[in-house]
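Working notes, structure below.
The values are calculated or read from the model by the stated rules, or taken from the named source; none is laboratory data. Quick caveat: nothing in here was measured; it's all calculated off a predicted structure. Cβ: placed from backbone, ideal geometry, glycine included. Neighbour counts: every protein chain shown. Protein only, heavy atoms only, side chains kept; ligands, DNA and RNA dropped before computing areas. Shrake-Rupley method; radii C 1.70, N 1.55, O 1.52, S 1.80 Å.
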Amino acid sequence: MTTVFAEVADPRSLPRPLSRSLGIPIFDTVAGYSAALDAVRRNGRTVGVVPTMGALHAGHASLIRQAADECDVVAVSIFVNPTQFGDPSDLANYPRTLESDLATVAAAGGQMVFAPSVGEMYPDLQGGAQATVSVPDLGARWEGASRPGHFDGVATVVVKLLEIAGPCRAYFGEKDFQQLAVVRRVVKDRSLPTDVVGCETVRDDTGLALSSRNVRLSSAERQAALVLSRALRTGAALMAQGENDPVAVERAMAELVASEPSVALDYAVVVHADDLEPATTCATERPLRLLTAATVGPVRLIDNLDPRPHRHVDAGRREMASAAGTMS
């Protein structure tokens, strides 16, 4: 464990992992995992955490690699959280691939894994005596409307994982953009000692956003699912051409998705990126986001796109120029 904990005065005081795989200590208890990260920080090293539900793919690997680039020690949690699933069959069918996940963690630069049981994370779950965290303003629309209670489950488990981890940087993908907004809000509202880092969506060569659920798609369904990213790009292209009416942008996205009969659209919307409220105009300096969700075969897929990424770069350049002018 010296590669993770560096030099310590008394190695016997270090927490004992459940086991090791590929040289990585695996913890299955809250106490052991928390103590391990405390030991890392006592040695003056920084901690990055990557919360996941397993079934790791190249998108997760990119989060781990970024965390490894920016932090001294990277811990990856692997926990299929039952409280964010409204459909029992969805929970039952969620892929569980711990052995291959451990290989992905090791290859990407992760140095520790937290893989608790449901009972370890929720001792009173069966009895229903459980405190929950809710973010009703950010969690009620879009995915929250289609999956009631989903974001209560997400917020609750994220708070638990981050409180267990202690001071750290936490890495989340932008693919789940609404989830990222919810996480940022609960971290801010609860004053958690966590720096939340949003990382760009990773796509395969065809443009499909990577998701653990993609393994349940047939070849034909994967092909059909590409209409979601095409719809987002169509919406962004319309805005780039000067379309300022969000309704027109949303209509164009929806019509494109409707052209693929095997895809059932839930929503395709233009929202403000900060609060996820529907945009009333595209002619605004506020950051916007295009969101979409649909069912393809047995799988619900979500995707999103920043329609004006260049504006953020331009705004940053203007701020730097302004600052330079002030200091000169």
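Structural remarks
- Scan segment 176-218 for residues that are closer than 14 Å to Asp303 by Cα and among the small types (Gly, Ala, Ser) and the total you get is 4.
- Scanning segment 97-143 for residues that are closer than 14 Å to Ile64 by Cα and of a type in the set (Asp, Glu) returns a single hit, Asp101.
- With respect to (1) in contact with a strand residue (DSSP E or B) (Cβ under 9 Å, 6 or more places away or on another chain); (2) farther than 16 Å from Asn304 by Cβ; (3) open to solvent by 20 Å² or more (accessible area, probe 1.4 Å); (4) not charged (D, E, K, R), the lone exception for Ser259 is condition (1).
- The requirement of being closer than 30 Å to Glu260 by Cα and polar (S, T, N, Q) is fulfilled nowhere in segment 187-194; no residue meets it.
- Search result, residues across segment 172-193 that are over 16 Å from Ser62 (Cα atoms), outside any helix (DSSP H, G or I) and either acidic (Asp, Glu) or open to solvent by less than 70 Å² (accessible area, probe 1.4 Å) (or both): Leu192
So that you can scan it fast, the table gives a plain yes or no per residue for (1) touching a strand residue (DSSP E or B) at 6+ places or on another chain (Cβ under 9 Å); (2) outside the structural domain of Ser62 (by TED's automatic domain parsing); (3) surrounded by 20 or more Cβ atoms within 10 Å (Cβ to Cβ):
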position	(1), (2), (3)
Gly139	no, no, yes
Trp142	yes, no, yes
Ser146	yes, no, no
His150	no, no, yes
Leu217	yes, yes, no
Ala231	yes, yes, yes
Val249	yes, yes, yes
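- All positions within segment 268-283 that are aliphatic (A, V, I, L, M), within 17 Å of Gln179 (Cβ to Cβ) and in a strand (DSSP E or B): Val269, Val271
- Among the residues listed as Pro148, Pro123, the single one being outside any helix (DSSP H, G or I) and without any contact (Cβ under 8 Å) to a residue 12 or more places away in the chain: Pro123
- Filter result for Leu265 (in a strand (DSSP E or B) and either of a type outside the set (S, T, N, Q) or open to solvent by 20 Å² or more (accessible area, probe 1.4 Å) (or both)): yes
- Qualifying residues in segment 204-258 (those that are more than 23 Å from Thr280 (Cβ to Cβ), among the charged types (D, E, K, R) and not in a helix (DSSP H, G or I)) - the one nearest to the chain's Cα centre (by Cα): Asp204
- Only listed residue being out of contact with any helix residue (DSSP H, G or I) (no Cβ under 7 Å at 6 or more places or on another chain) and at pLDDT 95 or above, chosen from Arg42, Arg20: Arg42
- Every residue from segment 33-92 that is buried (at least 22 other Cβ atoms within 10 Å of the Cβ) and of a type in the set (Phe, Trp, Tyr): Tyr33
- Taken together, Arg300, Arg286 contain a single residue that is in contact with an Asp or Glu (Cβ under 9 Å, 6 or more places away or on another chain), open to solvent by 50 Å² or more (accessible area, probe 1.4 Å) and assigned to a loop (DSSP other than H, G, I, E, B), which is Arg286.
- The set of residues in segment 126-139 being on the phi < 0 side of the Ramachandran plot, over 18 Å from the mean Cα position of the chain (by Cα) and in a loop (DSSP other than H, G, I, E, B) consists of Gln126, Gly127, Ala129, Gln130, Ala131, Thr132.
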